[in-house]
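A short write-up of the structure that comes next.
The values are calculated or read from the model by the stated rules, or taken from the named source; none is laboratory data. Just so it is clear, the model here is predicted, and its values are computed rather than measured. Neighbour counts are summed over all protein chains in view; Cβ atoms, including those assigned to glycine, are modelled from backbone coordinates with ideal geometry. Just the protein is used for accessible areas: all its heavy atoms, side chains included, with ligands, DNA and RNA removed. Shrake-Rupley method; radii C 1.70, N 1.55, O 1.52, S 1.80 Å.
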Amino acid sequence: MVDVSGLVNDVLKSLASTAFQEFRRLRSLKDDVSALKETYTQIQAVLSDAEEKRSKEKSVERWLKRLGSASLEVENILDGIIADAMVQRLHNELEGGIKYKVRTFFSSKHNPLIVRVRVANKVKTIRIKLNEIAVDSSKFNFSSNTISVGVGVGGDTTNMETSSLMPISTIYGRDEEVETVVEKICTEDIIRHDSKEVRVYAIWGMGGVGKTTLAQLVYNHDRVKIHFELQSWVYVSNDFQVNKITKGIIESIDGSECKLSGLDAIQLELQNKLKGKRFLIVLDDVWIEEKTKWDELRKALSNGAKGSIVMVTTRNETTSRMMAKVPEFQHQLGYLSEKKSWSLFKNLAFAPGSISERENISELESIGKEIVKKCEGLPLAVKTLGGLMWSKSSVSAWQSVKDNDVWKELQVNGILPALKLSYDNLLPHMKRCFAYSCLFPKGYKMRKNLLIDLWMANGFIPPRGQTDLYVIGEEIFYCLVSRSFLQEVQEDHHYNDLVCKMHDLMHDLGRYLMRRDYFFTDDLITPNDFEVLHFCSSCPRISFSVQDLKRLRSLRSLFIFLDGYKINMISQLSKLVYLRALHLDKIQVSTLPESICKLKHLRYLSICDSKIKSLPESIIYLQNLQVLLVEWCSELRKLPEGMRYMKNLRCLDNQGCYMLRFMPVGIKELRCLRRLGEFIVGEKKGSQITELGDLNLLRGRLELKWLENVGGLEEAKSANLKDKTNLLSLILCWDSSRGGEEKIDDEEVVEGLEPNSSLKELSIRGYKGRMICTSWMMKLRNLVRIEFVWCDRCESIPPLGKLPSLKVIVLYNMAIRCLDDDEFSSLQELSIRYCDQLVSLPSNLPTLKELTLDAVRGLVSLPNNLPKLTRLDIACCPQLHCLPNGLKELTSLKIMESEILQRRCEKEKGEDWHKISHVPNIDLRDPWWLNSRWSVPLNLDLDLRPEHQETLLNKQKSNKCVAWVDEIDEFKVKIIIN
C-alpha cells in the first residue's frame with residue numbers, strides 16, 4: 001500500500017460528507033456508521049507511528065496491509081452509496097412519468113428500499129472487520145498523536161514562488177563542460193572524421209549525475225542554435241525501436257504527429273528532411289547494446305551536411321563506445337565536487353522566501369553541509385533535498401533529516417536514499433499524487449490538466465473549504481515541481497497548458513513504492529494479485545480473459561498505451577465495477593457498449609484519437625463522471641442527447657471532432673463544467689450559443705464553431721463571454737467555405753462576442769466581414785497572441801500596435817492592404833501568408849525576432865527598423881526589391897520564389913550581400929518539388945462542414961494559383977504543387 005494515511009483520511013471525509021448524510025439518517029445504518037467513524041478516528045491517531053515502524057517490523061507491515069485492504073473496501077461501499085443516490089435522483093429527473101417510476105421501484109436494481117438494505121448489510125460486515133483490525137493494533141504499542149491530518153498538517157505545504165512557466169534553475173558546476181561539448185560539436189575540424197557515417201557524441205555516467213541537463217544546456221546554447229540548421233530531441237529509454245525513434249525525430253522537426261507507417265516510408269521521409277542540412281539530433285537515455293538496431297537507425301541519418309551530429313546520453317559505457325567510436329567524443333560525466341554540491345544546495349535551501357532564512361543560519365549551514373556529503377555529488381539528490389530543506393524551519397527538523405535511518409539503507413532496486421527521504425516528507429495526499437503520476441511510461445510528457453484530472457478522479461485532492469479542487473491540484477503540481485518530483489516544465493501553447501516529465505530515478509522510486517498496488521506490462525501477462533488497483537499495458541496484443549477480469553475486479557485504473565489497438569471483450573470491461581479512471585486512447589472500436597453504465601464509480605474516461613462514431617445514451621448513468629475526453633475522434637458524429645443530466649462533468653474536451661454537427665441541447669445545465677474543447681452552434685437542431693451564458697467557470701481554451709448560425713448581436717452577447725474570467729484562449733470560427741450569396745452578419749456577431757480582458761490568445765477564422773472594428777479588441781491589455789485566418793474579405797483590422805502585451809501576430813489569406821503604423825513595442829513574431837493585397841508593413845518593429853512572409857505578392861519593401869530580428873523567411877514575394885540595413889542579429893535567412901531578392905543576396909556578388917554576410921544560415925534555393933507533382937500537407941486546420949468537403953475536393957483553383965486541392969485526409973487539406 002503506497003500510503004495508508006491518505007486512504008484513511010479519505011474514508012473519514014467520506015463518512016462526514018454531505019452526500020452521505022441521507023443514508024446516515026437511516027436507523028439500520030446510523031449506529032454502524034457512527035461506530036465505523038469512531039474506529040477510524042482511533043486508528044488514525046496511531047497511524048503516524050505505524051508508518052514509521054513498517055519498514056522495521058514485518059508484522060506492522062502486514063497490519064497496515066490489512067488496514068489498507070479494509071479501507072479500500074469501505075471506500076468502495078461509501079462511494080457506491082453516493083453513486084446510487086445520484087442515480088436515484090437521475091431517475092426522478094428523467095422523462096417517463098409515473099409508470100416509469102413505478103417500474104423502477106419494483107426493480108431490484110434501483111428500488112431504494114432494497115438498495116438501502118443491501119448497503120446496511122455491507123456496512124455491518126466491514127465494521128466488524130475494522131473492529132478486529134483496531135483491536136490488533138494494541139499488540140504493537142503504537143504511540144498516539146491527537147493531530148488530525150488535513151491539507152495543511154503533516155508537513156509544510158509552502159511552495160517556492162512559481163509562475164505559469166517554471167523557469168530553468170541555475171545550473172551549478174557544469175559551465176566548463178558545457179563549453180567543452182559545444183566547442184567539440186561546433187568545430188568541424190577538431191578531429192578528423194573521414195567516414196561517411198554521421199558523427200556521434202556520447203555523454204555517459206550514472207543515473208542522477210546530470211547527463212540530460214548537460215545535453216539540454218548544449219542543445220539550447222546560442223552557438224549551437226546558430227551552427228546547426230536543424231535540431232531534434234527524442235527520448236529513447238530502454239525501448240530502442242527504430243520505427244518509433246525515426247518517427248520521433250520527424251515529429252520533433254515538424255512539431256506534429258507523423259502518421260506514416262512502414263519503416264522504409266518513415267526513413268525515406270526522414271532522409272528527405274535531413275538531406276543537405278547540418279543537424280543536431282539528441283537521443284536521450286539510450287540503453288541499447290545491440291549494434292544491428294543502431295546500424296538500422298543510422299542509415300537514415302547519414303545524408304545530412306558535413307558537421308552533423310547525433311548526441312546520445314546513456315548510463316552505459318558500452319553503449320557510449322559502440323555509438324561514439326571516437327574516444328574524444330565519449331564524454332564521461334562525473335560527480336559534482338563537494339564545493340559545487342554545497343553551492344547548489346545552498347541556493348535552493350536558503351532561497352528567498354524560505355522559512356529558515358531568519359534563524360540560526362550558521363547552525364543550519366553546518367548541518368546542511370553534512371547532508372550534502374551524504375548526497376555523494378549526485379545533482380538530482382542535492383537538488384531534491386535542497387528543495388525539501390527550503391520548507392523546514394527548525395534546527396531539529398534539519399538534524400532529523402541528517403540522522404534519518406534511510407541513509408543507512410542500501411540502494412535496493414537502485415533507489416537513492418535522498419529521493420526516498422524527500423518522498424517521506426511529503427504530505428499523505430501529495431505522496432499519492434506523485435506515486436500515481438508514475439503510471440505513465442518513462443519520458444512521457446504529462447500535461448498538468450491531465451494529472452490534476454486523474455488525481456481528482458481518484459480522490460487524492462483533499463477539499464479545503466470553498467476552494468476549487470482544481471486550484472488545490474495546481475498547488476500540489478507546483479509543490480511537486482519545486483521538490484523536483486516533476487521537472488522539465490514547459491508551456492504547450494496548443495492546449496494552453498503546461499507539460500512536464502519525471503526523472504527516471506524519480507520514476508523508479510514511484511514504481512518501487514507502489515509495486516503492490518500497480519501492475520505494468522508490455523507482455524500478455526496479467527497480475528495474480530487480487531488487490532492490484534492500477535493496471536497499465538503497452539502490449540500490442542492486449543487481451544483479457546474471464547479469469548483475468550475476476551482477478552482485476554478491485555481495479556481502479558486501466559491505462560492502455562498503444563497506437564491503433566483492439567481490446568477483445570470490451571463489453572466485459574463493465575465487470576471492473578470499481579474503475580475510477582479508464583484510459584483507452586486510439587482504440588479501434590466504433591462505439592462503447594451500453595453496459596458501460598455499470599461503471600458507476602467512473603470519474604475519468606479518455607478515448608481520444610479513436611475510431612469512436614457514437615457514445616451510448618447509457619453513459620448518462622455515469623453520474624460520477626468528471627472528465628470525458630474525446631479529442632481528435634474524427635469519426636464521432638454526435639454526443640449523447642441526455643448529456644445535460646451528467647451534472648458532475650467538469651471537463652468535456654471534444655477538440656478535433658470534425659464530424660460533430662451540433663451540441664446536445666441542455667449543455668447549460670452542466671454548471672460544474674470547467675473545460676470545454678469546442679462549442680458547435682447548431683443550425684436547426686442542438687444547442688444555441690445562449691446556452692453558454694451561465695457557464696462562467698469555463699477556463700483555459702474555448703473554440704466556438706459555425707458562428708454563422710448565430711442570429712446577430714444580441715444572440716452573440718447572450719454567450720456572456722465577458723464574464724468568463726478564466727478563459728485564456730478563444731477561437732472564433734465561421735464556415736470558411738461560405739459563398740457570396742449567403743447573408744453575412746459576421747460583423748455584428750463578432751461585436752457581441754466580447755471576451756474578458758484577461759484573455760491571452762485570440763484567433764478569428766473564416767470571418768467574412770469587410771472589416772473588424774470591434775469596440776472591445778483594444779481592451780485586451782493582456783493579449784499575447786492574435787490570429788486572423790481565412791478572413792478573405794477582411795480589408796481592415798484594429799490598430800494592433802496599441803495592445804501593450806502583444807507578442808505574436810498571424811495573418812493568413814486576408815484582403816488587408818496595410819497594417820497600422822503604430823510602434824509595436826512588444827511584438828516578437830509576425831507571420832503573414834497569402835495576403836496578396838498587402839503593400840506595406842509597420843515601419844517600426846524594434847522588438848521583432850521572427851518575420852515570415854509567404855505569398856505577399858504586393859509587398860514592395862521591408863521595415864527599416866528591425867534591430868532584434870534573428871529569423872527571416874520570405875517566399876513568393878516577387879516585388880520585394882531589397883533587404884533593409886541593420887540586420888545585425890540575424891542568424892537565419894531563407895528566400896525562395898522571390899527572384900529579385902534571391903539575385904541581390906547571391907554570395908559575394910549580390911547588391912545586398914554585405915547586409916547578410918555575417919548570417920550563418922542562408923538558404924536561397926527554391927524548393928526541389930517546385931516543378932513536380934508532389935503532395936504536401938498544408939499546416940492549417942480548415943473548419944468546413946461535412947457537406948462542403950466534396951465541394952472543396954472538386955474545386956480546382958485558377959491557373960495562376962500555385963496549387964489546387966488534391967484530397968482531404970482526416971480533414972487536413974493536402975495540395976498538389978503545380
Open item on the list: When you check G910 against the structure, is it in contact with a helix residue (DSSP H, G or I) (Cβ under 8 Å, 6 or more places away or on another chain) and among the small types (G, A, S), yes or no?
Closed with: yes
Task: Test set (1) surrounded by fewer than 21 Cβ atoms within 10 Å (Cβ to Cβ); (2) of a type outside the set (D, E); (3) modelled with pLDDT under 90; (4) under 30 Å from V382 (Cβ atoms) - V234 fails condition number - done: (3)
TODO: Tell me the strands (runs of 3 or more DSSP E) entirely within the stretch 672-767 that contain at least 3 residues that are open to solvent by less than 10 Å² (accessible area, probe 1.4 Å) and over 25 Å from L639 (Cα atoms).
DONE: 761-765
Open item on the list: Can you tell me how many residues within the stretch 38-69 are open to solvent by less than 40 Å² (accessible area, probe 1.4 Å) and among the polar types (S, T, N, Q)?
Closed with: 3
Task: Scan of the stretch 809-840 for residues that are open to solvent by less than 20 Å² (accessible area, probe 1.4 Å) and among the aliphatic types (A, V, I, L, M), ordered by number - done: I809, L811, M814, A815, I816, L819, L827, L830, I832, L838
TODO: Tell me, yes or no, whether the stretch 625-633 has at least one residue that is touching a residue at least 40 places away in the same chain (Cβ under 8 Å), under 23 Å from M456 (Cβ atoms) and β-branched (V, I, T).
DONE: yes
- [ ] Keeping to the stretch 484-502, report how many residues are under 19 Å from S422 (Cα atoms) and open to solvent by less than 10 Å² (accessible area, probe 1.4 Å).
- [x] 3
Open item on the list: Under 9 Å between Cβ atoms, which residue pairs at least 6 apart in sequence (or on different chains) link something in the stretch 574-597 that is touching a residue at least 60 places away in the same chain (Cβ under 8 Å) with a partner that is assigned to a loop (DSSP other than H, G, I, E, B) and open to solvent by 40 Å² or more (accessible area, probe 1.4 Å)?
Closed with: Y578/R553
Task: Qualifying positions in the stretch 588-619 - buried (at least 21 other Cβ atoms within 10 Å of the Cβ) and either in a strand (DSSP E or B) or aliphatic (A, V, I, L, M) (or both) - done: L592, I596, L599, L602, Y604, L605, S606, I607, I612, L615, I619
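Matching residues to (1) modelled with pLDDT under 90; (2) open to solvent by less than 30 Å² (accessible area, probe 1.4 Å); (3) under 30 Å from L469 (Cα atoms):
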position	(1), (2), (3)
S538	yes, no, no
R541	yes, no, no
S574	yes, yes, yes
Q626	no, no, yes
Open item on the list: Can you find a residue that is outside any helix (DSSP H, G or I) and either touching a helix residue (DSSP H, G or I) at 6+ places or on another chain (Cβ under 9 Å) or of a type outside the set (A, V, I, L, M, F, W, C) (or both) anywhere in the stretch 263-272?
Closed with: no
TODO: Check whether at least one residue in the stretch 758-781 is within 21 Å of P842 (Cα to Cα) and acidic (D, E), and report yes or no.
DONE: no
Open item on the list: Can you say whether L419 is buried (at least 24 other Cβ atoms within 10 Å of the Cβ) and over 25 Å from L344 (Cα atoms), as far as the supplied structure shows?
Closed with: no
Task: Residue list for the stretch 601-646, filter: out of contact with any Cys (no Cβ under 8 Å at 6 or more places or on another chain), of a type in the set (D, E) and under 20 Å from K566 (Cβ atoms) - done: E635
Open item on the list: Can you pull out every residue in the stretch 457-474 that is part of a helix (DSSP H, G or I) and either among the small types (G, A, S) or crowded, with 22+ Cβ neighbours inside 10 Å (or both)?
Closed with: A457, G473
Task: Flag for R278 being touching a Gly at 6+ places or on another chain (Cβ under 7 Å) and touching a residue at least 40 places away in the same chain (Cβ under 8 Å) - done: yes
TODO: Take the residues in the stretch 345-360 that are assigned to a helix (DSSP H, G or I) and modelled with pLDDT of 85 or more, then tell me which one is surrounded by the fewest Cβ atoms within 10 Å (Cβ to Cβ).
DONE: N347
TODO: For I786, work out the one condition from (1) closer than 23 Å to G886 by Cβ; (2) in contact with a helix residue (DSSP H, G or I) (Cβ under 7 Å, 6 or more places away or on another chain); (3) not basic (K, R) it doesn't fulfil.
DONE: (1)
- [ ] Could you pull out the residue among L380, L426, L388 that is part of a helix (DSSP H, G or I), within 20 Å of E474 (Cα to Cα) and open to solvent by less than 20 Å² (accessible area, probe 1.4 Å)?
- [x] L388
